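Asks: Sharing a structure, written as structure tokens. Questions coming.
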Amino acid sequence: MKNLAVVLAVLVSSFGFGQSETNPELQKMIDSAVTELDNWKATTKTFKTGGDDDVAFGLLENLFLDADVKYMYARINPAIAELEINNLDIEIGGTCSFDEWINSIAVLDTTNYKFKYKYVTGPHTRNETLYIYDMNENLMRSVTIYYYNDSLRSIFDSNQALFK
């Protein structure tokens with residue numbers, strides 16, 4: 001993915017300077033990056049494409065408050081249940097299965113935890129994040145879900161125990 005970013009930057013800068021010749025080395029890098037991206041898209045389970053998951057947006061707000069909410073994602077679109085959940089700490093990395101993730105979600109007592117739900121919407125993209133704090137304001141866990149064109153794309157969780 002880093003290669004893709006570099007290739008796209010070079011490609012954009014090439015257009016910016018009005019080069020009309022095709023650089024064979026640059027073309028080779030672009031072809032390689034596109035092949036890498038296509039392969040990643042075809043084999044990854046951490047990123048879902050397609051599907052109309054618009055009604056899933058907002059469920060996250062009550063995910064740890066209502067035991068039934070965690071099962072709604074797979075009911076809305078069974079492809080969501082095939083996702084692998086990403087570690088929110090991208091430097092450590094790792095994934096876990098959707099089942100493992102769902103089973104890690106317990107209903108939490110609001111007398112022991114505070115919840116902060118935030119969402120951002122744009123023309124094609126949306127994301128929502130739930131922050132869970134203990135009563136001393138220490139962040140205990142956060143979950144972020146990304147959407148694109150009404151399709152749930154990826155889920156990230158900060159619960160490091162899931163990724164070991």
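Each value in this text was obtained by applying a stated rule to the coordinates, not by laboratory testing. A quick note: this is a predicted structure, and the numbers were derived from the prediction, not measured. With ideal geometry, Cβ positions are generated from the backbone for all residues, glycine too; neighbour counts draw on all protein chains shown.
Asks: Can you sort 117, 131 from fewest to most other Cβ atoms within 10 Å of each residue's own Cβ?
Replies: On the way: 117 13, 131 16.
Placing the least packed residue first, the sequence is 117, 131.
Asks: I need the peptides 105-116, 151-162 ranked by packing, meaning the mean over residues of other C-beta atoms within 10 angstrom, with the highest value on top.
Replies: The most tightly packed comes first, giving 151-162, 105-116.
Asks: Amide H of residue 152 versus every other amide H placed in the peptide plane: which residues, excluding those fewer than 5 positions away on the same chain, fall under 5 Å?
Replies: 53
Asks: Using the crude model of +1 on Lys and Arg Cβ and -1 on Asp and Glu Cβ, and no other charge, please compute the dipole size for the range 53-164 relative to its Cα centre, in debye to 20. It would help to have the intermediate numbers written out before the result.
Replies: On the way: 9 positive and 17 negative charges, 37 e Å.
In debye, rounded to 20, the range 53-164 gives about 180.
Asks: Could you run the Karplus curve 6.51 cos²θ - 1.76 cosθ + 1.60 with θ = phi - 60° over the range 72-82 and give me ³J(HN,Hα) per residue in whole Hz, x for Gly and Pro?
Replies: 5, 4, 5, 6, 5, 8, x, 5, 4, 5, 8
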